[in-house]
Amino acid sequence: MIAFRVVDDADPALAHSPLVRGIEKTFVWIGEHGGIPLTPSKAFKRVFVHWAAAEFDWPGHTEADLFAVNKVLNEWDFPPLEILHDLMIAMKLGRHYKGAFRLTKAGQALVGHPGRIFGTVVPFFLFRINHASLSRFDDVPILGNWDVFLNVLNVETEDGATGGRLRRVLFGERDAGQPPRYDEVMGQLYIQVLRPLCWAGLLQQERGAIGFRFEEAVFMKTPLWRAALRLETDWMARSEAQH
């Protein structure tokens, strides 16, 4: 299991984590309103979804991005919010009670402590969720293990690397006989590894490249990576940085 360093609540590197920011903002709403109203199907109501879209400022899912394709927003129109909702339920940080989502004692203990939110939620999010299930393919196998991914990315993304470069380093060149339209391995590397790391705030994706061309998008470590992770390849990453 990858060990995370304790990140202090005041560490400015935490600002790089959309996941931490989203949970903190959710806690703010609950603190002001007592709970988040739910639809009969137990989804967050639109009044909160619209507020969250503006407040979370989630890269690739900003308010402008979301309203460019939707006139109104339901929870399922904002995938990071849907995942965050499921995550808080799975971790027992919140529960559905009398038509609203309310914090449990475990959730209340995290209020005002972004470093503690990161240390509690991010390992669960990265290592316990089957990110492959979020893809458009059924029963997609997990690509590999996080120890390998993080140690390789630790070196490769020191100065930034394209998705295509990371795909080649980890899995080799794509099959020459594969149709040119879509590289399934690249797509799964993005869904299972790169996007979760960006949502956690450990990697950042070049804003202009967010879209469907994962091969061309550039991924780089954020200051939060260095603050939170201690890896076997740290000496190689430092050596890479000096050249």
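Taking Rg/Rh (Cα atoms, Kirkwood Rh) as calculated from this structure, the corresponding entry among (i) 1.08; (ii) 1.52; (iii) 0.97 is (iii).
Normalising the average separation of contacting C-alpha pairs (under 8 angstrom, six or more residues apart) by the number of residues puts the relative contact order of the chain at 26 percent. When peptides 70-78, 21-29 are ranked by their average number of other Cβ atoms within 10 Å per residue, the highest-first order is 21-29, 70-78. Considering only LEU126, TYR182, PHE219, the residue lying farthest towards the positive end of the dipole of the chain is LEU126, judged by Cα position with unit charges set on Cβ. With N counted as the residues of region 12-128, its alpha-carbon radius of gyration over 2.2 N^0.38 Å works out to 1.00.
A simple charge model with +1 on the Cβ of Lys and Arg, -1 on the Cβ of Asp and Glu and nothing else charged puts the dipole of the chain at about 840 debye relative to its Cα centre. A crude spin-label estimate for the pair TYR97 and GLU216, with each label 7 Å from Cα along the Cβ direction, gives 5.0 nm. Each peptide among 30-36, 58-64, 161-167 gets the average number of other Cβ atoms lying within 10 Å of its residues, and from highest to lowest they stand as 161-167, 58-64, 30-36. For the pairs LYS42/LYS98; LYS25/LYS71; LYS42/LYS92; LYS25/LYS221; LYS45/LYS71, note any where the Cα-Cα span goes beyond 18 Å. Beyond 18 Å: LYS25/LYS71; LYS25/LYS221. Near PHE101, the amide H atoms lying under 5 Å from its own belong to ILE36, LEU38; only residues 5 or more places off or on other chains count, and H is placed 1.01 Å from N. The simple spin-label model puts a point 7 Å past each Cα toward its Cβ; for ARG165 and VAL111 those points are separated by 4.5 nm.
Every number in this text was worked out from the coordinates using simple rules, so none of it is lab data. Computed from a prediction, not measured in an experiment: that's the story for all the values here. All Cβ positions, even for glycine, are placed from backbone atoms using ideal geometry, and neighbour counts span all protein chains on display.
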